[in-house]
Amino acid sequence: MTAGSAFPVQDPATPSTAPGRLKIFFGMCPGVGKTYAMLLGAQQRQEEGTNVLIGVIETHGRIETQALTAGLARVPLREVSHRGVTLREMDLDAILARRPELVLVDELAHSNAPGSRHPKRCQDVIELLDAGIDVFTTMNVQHLESRRDVVAQIIGAPVRETVPDSILDRAVEIELVDVSPSELRKRLDEGKVYLGDRAATASENFFREENLKALREIVLRVTADRADQELRVAMQGRRAGEPWKARERLLVAVGPSPYSARLIRWTRHYAAAVHGLWLAVYVDTGRSLDDETRGRLEENLTLARSLGGEVFTTTGEDVAETILRAAREHQVTQIVAGKPLSPRWLDVLRGGSLVDRLIRSSGDIDIHVVRADKTAAPWRPSPTVGPKFFRGTALGGLLVVALALGGLVVAPLIGYAGVGLLFLLAVLLSSLVLSRGPVLATAALSALAWNFFFIPPRFTFSIATPQDLILFGMYFVVALVLGQFTSRLRLREAVERRREEQATALYRFSLEVAGASSIEEAMQAAAARISSLLGAETGILGADLACLGGGAIPERDRAVADWALRSGRAAGRFTDTLPQAHRLHLPLMVSGKAVGVLWAKPRAAFTLPERQLLETFANQLGVLLERERLRAEASRAEVETRSQRLQKTLLDSVSHEFRTPLAVINGAAVALETSADVPGLAGEIRAAAIRLGRIVGDLLDITRIESGAVRPKWEWMETADLLAGVMERHQAETGGRRVEVAVEEGAAYIRSDAALLGEIVGNLLRNAAQHSPEGSLIVLRTAAVAGQLRLVVTDEGTGLSTQDEEQIFRKFHRGNGSKSGGLGLGLSIVRGFAEALGGEVSAGLRGDGRPGAEFRVTLPAQPRAEAPGG
């Protein structure tokens, strides 16, 4: 688990050598009972003698939850004054001063009031943990950063407050608090979640049954993945024993056989049926493969990757033993193997078929034996008897002939038994340079030559005495075993040498990349290193297919690189996709997403180890590019945060500075209006006061929006009355322009926030009047569309450019031709209030093709044709 923090925190007042332990009570949404379960656990811990302190608890008026706080010490909340409103927040310093063993902190995703030491409550929790204090806290899955977009799509509204996933990584325990959607809706109806109108609104929006089912699936998947990860870590620490079958893990052995494709597809299908994970392993025995065999192997491995399997390669001479070792290392519960195709007698000579040896040694691991695909072309392994075999055997035969001639010279001195030792030396020397087949052939030739030329009776293949027969038999066995053993040592040495070369290459690659001063220099160094190692022209492309290092690709290969980037699969030369291309293109994958492309143009086909090394380089480059992207995003976010903090400070200052002169101007205006001497002056003062008041109101509104302090108050209202009130308030600002209001019957009554909706309409009317000539027509239409309120305002002004359509809702933005006055905040306020109501806003040219602009607001306002009580 991650010990670090995702946020910078202040050093605690009293440092502790051991960090505190975090336990999260995790649920799908409000009302499942997280706070209740946390208080139950706290009461139990207190009974066990733990010093428990309540930092902050939100009971939401639930009597049974409030009852569980009895007997638990509580630190008073601190009061924070913000814009004339008193807010109550957790007193972090008071908790650190009291130093309890366990503190309860409800609602982990909560945003603290402005002026607090940390903007987020989760940062307060991290500081408590760093101070050595254990923490119980609660959290909904909708606030998990990695699930934010998915949840927003489900509930149809943005998620404002989130917690980084690293907080879950730091938790030593996550307790799932779960109830069924039907039970939760029953609680909502009984008033155990929300009260009054808020409960009715929640039931019709967030707490719809389909939403709850989707959220429940997400929270169950998150906790299941966490449990699976913890189990894998625990099992890795076990030195012996069989795998625990908490979740099925399947392993399929993949080779160059065309029958492997059926095994891969069968494993994928079965893993999906049992909701398990599956892996594909290729055992590299060190034997060389011809081009055709290597091509089939790469096709099978590519198929396994495309079907979602985790593919890895391991080395070993005994295939069955290596597969079982890999299965135990990865906690595999089931192994998939194909039915043996070789003759029974050959399997007996080999010590049994692969399936037999797996079954005998698998222990608690289950073995699935799948028949071969009858539609596949018949296949046999590449023959070992070929030109290479005959060349090696001929070389061994020449060595035997030379030793036979030498033996004829020295036989009178050392006897025929001594000559036999010379032939053993020939077998040993041949095993140092020849492959296994020629070595065994050399052993057989040397035994026959020794018998024919030196064992009495000479120049015959008969053996006269039992002693010589036993001696010849022992010689033959020793020669075969010695040749086989030496060949195995050479094979293992070659495998280890290849491993060492790969490890060294990766080490040097990492050193050169890490020592680069910029990402551009790192990419250039990486491309140069790969080119030198593999002897291939190499280049690295970014997510926009711009060259980051190495050579640039010609235009004809850009389409291949683009396909590899979009699909996340290898393309080009030596693949099944666009194989006519001159280059191989590998996507740089990170968390299932391609962030770039590595291309290579070799002089000949890559060997399997070279291809694996190239894919390893691609993985490393992907991580490097993703890390650079995250660093750049963090830098931009920091700059943006500082800019927004400065803006908010400016808005606060302007708002407060304007309050005192406004009060003076309004007081003087009221007094002057009753005087007969200067009525005109009084009117100007009052107009200026109204204008200043509007500016201050805009500043306050935009501050509320950015601080997340906008809380809608839902109520039923008559649409016509609401619009009439807005028209009356903004009559002076729309003077000289005709305003036409049209309310469809289905939108006569709506349930929304009257204040926020009035501000939206008022700002749109004011904007339309500001950008349209006097005497022109402004049309305000409301309609019910798919259970939502559709509000459209059109004017007869100059319209909007394409650039204005994208930027007009940004703060302080003023369109071309805007009249003087105002801060350019009106449309930004419209968007902020619309999003607070769960809606959206857009702008563009008029839909009827006439000159002017059109602003469209869609809100989940529950329109209805009749009054609620009708």
Show the residue pairs meeting these rules: Cβ distance below 9 Å; 6+ apart or different chains; first residue within the stretch 425-439 and buried (at least 24 other Cβ atoms within 10 Å of the Cβ) and outside any helix (DSSP H, G or I); second residue of a type outside the set (K, R) and at pLDDT below 75. L434/G392; L434/G483; L434/S487
Among the residues of the stretch 59-98, the number that are surrounded by fewer than 17 Cβ atoms within 10 Å (Cβ to Cβ) and in contact with a Gly (Cβ under 8 Å, 6 or more places away or on another chain) is 2
Could you tell me whether any residue of the stretch 373-393 is under 22 Å from L251 (Cα atoms), modelled with pLDDT of 55 or more and surrounded by 13 or more Cβ atoms within 10 Å (Cβ to Cβ)? yes
Looking at the stretch 698-714, is at least one residue open to solvent by 20 Å² or more (accessible area, probe 1.4 Å), in contact with a Pro (Cβ under 7 Å, 6 or more places away or on another chain) and modelled with pLDDT under 75? yes
Working only within the stretch 786-807, note down all residues that are open to solvent by 60 Å² or more (accessible area, probe 1.4 Å) and not in a loop (DSSP other than H, G, I, E, B). Q788, R790, T802, Q803, E805, E806
Is it true that D134 is over 27 Å from the mean Cα position of the chain (by Cα) and open to solvent by 30 Å² or more (accessible area, probe 1.4 Å)? yes
Test for A732: is it surrounded by fewer than 16 Cβ atoms within 10 Å (Cβ to Cβ) and modelled with pLDDT of 85 or more: no
If you take the residues in the stretch 163-174 that are at pLDDT 85 or above and surrounded by fewer than 18 Cβ atoms within 10 Å (Cβ to Cβ), which one is nearest to P30 (Cα to Cα)? I174
Selection from the stretch 443-482 of residues that are under 23 Å from T393 (Cβ atoms) and among the aromatic types (F, W, Y): W450, F452, F453, F454, F461, F472, Y475, F476
Would you confirm whether any residue within the stretch 479-502 is in contact with a strand residue (DSSP E or B) (Cβ under 6 Å, 6 or more places away or on another chain) and at pLDDT below 80? yes
Step by step: first the residues of the stretch 748-783, then only those that are of a type in the set (G, A, S) and buried (at least 21 other Cβ atoms within 10 Å of the Cβ), then the one that is farthest from G725 (Cα to Cα). Which residue is that? S772
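Yes/no matrix, rows are residues, columns are (1) at pLDDT below 85; (2) closer than 30 Å to K192 by Cα; (3) in contact with a Ser or Thr (Cβ under 8 Å, 6 or more places away or on another chain); (4) open to solvent by 60 Å² or more (accessible area, probe 1.4 Å):
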site: T14; (1), (2), (3), (4): yes, no, no, yes
site: P19; (1), (2), (3), (4): no, no, no, yes
site: F26; (1), (2), (3), (4): no, yes, yes, no
site: G33; (1), (2), (3), (4): no, yes, no, no
Kindly evaluate V150 against the criterion of being farther than 27 Å from V52 by Cβ and surrounded by 18 or more Cβ atoms within 10 Å (Cβ to Cβ). no
Taking only the stretch 551-564 into account, find how many residues are more than 13 Å from P587 (Cα to Cα) and open to solvent by less than 30 Å² (accessible area, probe 1.4 Å). 3
For the stretch 504-532, name all the residues that are modelled with pLDDT under 80 and not small (G, A, S). T504, L506, Y507, R508, F509, L511, E512, V513
If I ask for residues that are closer than 17 Å to A402 by Cα and either among the hydroxyl-bearing types (S, T, Y) or in contact (Cβ under 8 Å) with a residue 24 or more places away in the chain (or both), which ones from the stretch 440-457 would you list? A441, T442, A443, A444, L445, S446, A447, A449, W450, F453, F454
List pairs: first in the stretch 692-718 and touching a residue at least 24 places away in the same chain (Cβ under 8 Å), second polar (S, T, N, Q) and assigned to a strand (DSSP E or B), Cβ under 8 Å, 6+ apart or cross-chain? G708/S111; P712/S752; W714/S752; E715/S752; M717/S752
Is there a residue in the stretch 108-125 that is in contact with a helix residue (DSSP H, G or I) (Cβ under 7 Å, 6 or more places away or on another chain), surrounded by 18 or more Cβ atoms within 10 Å (Cβ to Cβ) and under 16 Å from G33 (Cα atoms)? yes
So, in the stretch 547-599, how many residues would count as being closer than 14 Å to L621 by Cα and either among the acidic types (D, E) or more than 22 Å from the chain's Cα centre (by Cα) (or both)? 6
Could you run through the stretch 736-776 and say how many residues are closer than 26 Å to I695 by Cα, without any contact (Cβ under 8 Å) to a residue 60 or more places away in the chain and not in a loop (DSSP other than H, G, I, E, B)? 10
Which numbered condition T322 misses (of (1) assigned to a helix (DSSP H, G or I); (2) open to solvent by 60 Å² or more (accessible area, probe 1.4 Å); (3) of a type outside the set (A, V, I, L, M, F, W, C)): (2)
Have a look at L614, L578 and point out the one that is surrounded by 18 or more Cβ atoms within 10 Å (Cβ to Cβ) and closer than 22 Å to A559 by Cα. L614
Restricting attention to the stretch 259-287, which residues are surrounded by fewer than 17 Cβ atoms within 10 Å (Cβ to Cβ) and either more than 23 Å from R325 (Cβ to Cβ) or modelled with pLDDT of 85 or more (or both)? R265, H269, A272, A273, V274, H275
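The values are calculated or read from the model by the stated rules, or taken from the named source; none is laboratory data. Fair warning: this is a prediction, and the values are worked out from it, not measured in the lab. Note that each Cβ is placed from the backbone with ideal geometry, even for glycine, and that neighbours are counted across all protein chains shown. Keep in mind that these areas ignore ligands, DNA and RNA; they rest on the heavy atoms of the full protein, side chains included. Shrake-Rupley method; radii C 1.70, N 1.55, O 1.52, S 1.80 Å.
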